[in-house]
Amino acid sequence: MNELKGKIKDLLIAGDLCLLSIDIQGFVVKALIIETPASNPNLYVDASVRVLFKETEVILVKGSDLQISIQNRLPCLVKSVQRGKILSRVLMQFDAFSLAALITTEAWEALNLHIDDQVWALVKANEVMISS
């Protein structure tokens, strides 16, 4: 499980849904949750939160042409890879945080990734969880 620490910067509420903008050392991560400040008093601007997402929910992109709908785009540096026959675990550095992605080994090879390559770690907003 990947874990980042940040502060809620903004909340957009519609019915029982809340789209959080979370500042993580100058980078904004979005989290779409089925909670509101009315149901969870810990949801307020400047609240400290932990941002959590599974390794299997990380999409890796090499290059800079990111014309896609995924808003959470974290610039990372590939630090190591644990290659398996089917799956590979890619360990990356995002600012002061370590992140991991679990991708197919075929995808690792197709991206032609190497240690110290710059990649984008993408995570859909509905795959992000938060905790106090």
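Results, tabulated for the structure shown:
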quantity	calculated
Meets criteria (crowded, with 16+ Cβ neighbours inside 10 Å and out of contact with any Gly (no Cβ under 9 Å at 6 or more places or on another chain)) for Val58	yes
Identity of the residue in the stretch 1-27, hydrophobic (A, V, I, L, M, F, W, C) and in contact (Cβ under 8 Å) with a residue 40 or more places away in the chain, that ends up surrounded by the fewest Cβ atoms within 10 Å (Cβ to Cβ)	Met1
Per-region count, the stretch 29-55, residues aliphatic (A, V, I, L, M), open to solvent by 50 Å² or more (accessible area, probe 1.4 Å) and touching a residue at least 24 places away in the same chain (Cβ under 8 Å)	2
Filtered residues of the stretch 56-107 (kept if without any contact (Cβ under 8 Å) to a residue 60 or more places away in the chain and of a type in the set (Phe, Trp, Tyr))	none
Subset of the stretch 81-117 (residues that are open to solvent by 40 Å² or more (accessible area, probe 1.4 Å), modelled with pLDDT of 95 or more and either under 30 Å from Ser48 (Cβ atoms) or under 17 Å from the mean Cα position of the chain (by Cα) (or both))	Arg89, Leu91, Gln93, Ser98, Leu102
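The values are calculated or read from the model by the stated rules, or taken from the named source; none is laboratory data. Being a predicted model, the structure only gives us computed values, none of them experimental. Glycine also receives a Cβ, built like all others from the backbone with ideal geometry; neighbour counts cover every protein chain displayed. Accessible surface is based on the protein model in full, side chains and every heavy atom, while ligands, DNA and RNA are left aside. Shrake-Rupley method; radii C 1.70, N 1.55, O 1.52, S 1.80 Å.
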